[in-house]
Amino acid sequence: MSNNLLKGKRGIIFGALNDQSIAWKVAELAHLHGAEFVLTNAPIAMRMGEINHLAEKTGSKVIPADATSVADLEKLIAESMEILGGKIDFILHSIGMSINVRKGNHYTNENYDYTMKGLDVSALSFHKVMQTAMKLDAMNEWGSIVALTYIAAQRIFPDYNDMADNKSYLESIARSFGYHYGQAKKVRVNTISQSPTMTTAGSGVKGFDGFINFSEQMSPLGNATAEDCANYCVAMFSDLTRFVTMQNLFHDGGYSSTGVTQAVMEKFQS
Ligand SMILES: NC(=O)c1ccc[n+]([C@@H]2O[C@H](COP(=O)([O-])OP(=O)(O)OC[C@H]3O[C@@H](n4cnc5c(N)ncnc54)[C@H](O)[C@@H]3O)[C@@H](O)[C@H]2O)c1
């Protein structure tokens, strides 16, 4: 179903790796809602070539960019404005990676080179994207920038490891940059805190099956799917949410406000 909520809007979507990626679902839905956009991912992530199928399906161009490289971002944003024929209305930052998680390093035994790399990719890149866009005066007034995050920024989930710290920093950047971008250009900046979702990044977390089942039972509405996350992103990119900024928005079926559910209580009653 499309209501053309994004008709006439131009965007840049980071992070569509394969058809499970949240960014992939956002691109499909944004296209249905009439948006035009450029797809981007790290050059190394494009080797599989899957993003080309998405580009074909959505009539989009693909520009490789390592989101930690300011030079890549400058090129990406400048070329996107040329391709799309004007300034940008929305950006999705759907990027996350921890080498400590990948290598199975315990939180109390981090390799700090890995920590710094993960922080750069998962959090600082968000600042780099916005600083570059601001310097190039690339955003239209009332434009909307969204990054995806997870509730481990607020509460401990031990196996989420250093990604929890990365997400805290990411959410803080959204607030801080949101202030400055709001004042300077009326651009809004938010993070969406999504339920656990079966994707490449998600399933890299140890014990992810248990994680998903637990939150499914701890949420009155159940886990939000990637498709539903795409719905929320489109709403956030649309003109229907113009005064929402500097927020961390939970999209989790009620998980973040739930102490316990009947389903979980039953497991502990004798
Ligand atoms: N899957 C979940 O359970 C879940 C829950 C909450 C939030 N999130 C967040 O959603 C976002 C998207 O993740 P996903 O679950 O769709 O997984 P995904 O693996 O499909 O997406 C992660 C993306 O980050 C990209 N990336 C990594 N390094 C990069 C770099 N240097 N430059 C540019 N791109 C780079 C990858 O290529 C990939 O496309 C991430 O921020 C993730 O933390 C995921």
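For the chain, the longest principal axis of the Cα atoms and the long axis of helix 70-84 meet at an angle of about 60 degrees.
Dipole check for segment 40-110: with +1 at the C-beta of Lys and Arg, -1 at the C-beta of Asp and Glu, and the Cα centre as origin, the magnitude is about 220 Debye. Oblate is the label for segment 42-101. Its Cα gyration tensor axes, ordered a ≥ b ≥ c, give a/c of at least 1.5 and b/c at or above a/b. Residue separation of residue 87 and residue 52 scaled by 0.36 nm, minus their Cα-Cα distance, works out to 10.2 nm of gained length.
The relative contact order of the chain comes to 19 percent, based on Cα pairs under 8 Å that sit 6 or more residues apart. Exposed loop sites are taken as trypsin sites (Lys or Arg not before Pro) in a DSSP loop (any state but H, G, I, E or B) with at most 15 other beta carbon atoms within 10 Å; the longest stretch of the chain without one runs 48-154. A cut-off of 5 Å between modelled amide H atoms, ignoring neighbours fewer than 5 places along the same chain, links residue 224 with 195, 253. Between 207, 191, 218, the Cα set farthest toward the positive side of the dipole of the chain (charges on each charged residue's Cβ, about the Cα centre) is that of 191. Each residue in 97, 265, 130 was given a count of other beta-carbon atoms within 10 angstrom of its own, and listing them fewest first yields 265, 97, 130.
Springs join every pair of Cα atoms under 10 Å in this Gaussian network model of the chain, and among 146, 205, 189 the largest mean-square fluctuation is at 205.
Panel values: the chain, Kirkwood radius from alpha carbon pairs, Stokes-Einstein at 37 °C and 0.692 mPa s, translational diffusion coefficient 174 µm²/s. Note on segment 199-270: with charges restricted to the Cβ of Lys and Arg (+1) and Asp and Glu (-1), its dipole about the Cα centre is near 180 debye. Counted residue by residue at 0.36 nm each, then reduced by the alpha carbon distance between them, the extension gain from residue 267 to residue 113 reaches 51.3 nm. Shown in residue order for segment 202-213 are the 3J(HN,Hα) couplings computed by the Karplus curve 6.51 cos²θ - 1.76 cosθ + 1.60 at θ = phi - 60°: x, 6, x, 7, 4, x, 5, 4, x, 3, 5, 5 Hz (x for Gly and Pro). No solvent, one uniform scatterer per C-alpha: report log10 I(q)/I(0) for segment 2-66 via the Debye equation at q = 0.11, 0.16, 0.27 1/Å, two decimals. Relative scattering, expressed as log10 I(q)/I(0), comes to -0.21, -0.45, -1.17. Converting phi to 3J(HN,Hα) with the Karplus coefficients 6.51, -1.76 and 1.60 and the offset θ = phi - 60°, segment 221-229 yields 9, x, 5, 7, 7, 4, 5, 5, 5 Hz in sequence order, with x at every glycine or proline.
Label point of residue 244 set 7 angstrom out along Cα-Cβ; within segment 188-210, amide nitrogens under 16 Å from it belong to 188-195.
Structural descriptor for segment 134-270: relative contact order 29 percent, calculated from alpha carbon pairs under 8 angstrom and at least 6 residues apart.
Entry note, segment 29-68: relative contact order of 51 percent, from Cα contacts under 8 Å with a spacing of 6+ residues. Using θ = phi - 60° in the Karplus curve 6.51 cos²θ - 1.76 cosθ + 1.60, the 3J(HN,Hα) couplings for segment 104-118 round to x, 6, 5, 4, 8, 9, 6, 8, 6, 5, 5, 4, 5, 5, x Hz; x is entered for Gly and Pro. Of all the options 176, 94, 195, the one that moves most in a Gaussian network model of the chain with Cα springs shorter than 10 angstrom is 176.
Values in this text are rule-based calculations from the coordinates and carry no lab data. Worth saying up front: this structure is predicted, and the values here are computed from it rather than measured. When we count neighbours, we look across all protein chains shown, and the Cβ atoms used for this are built from the backbone with ideal geometry, even at glycine.
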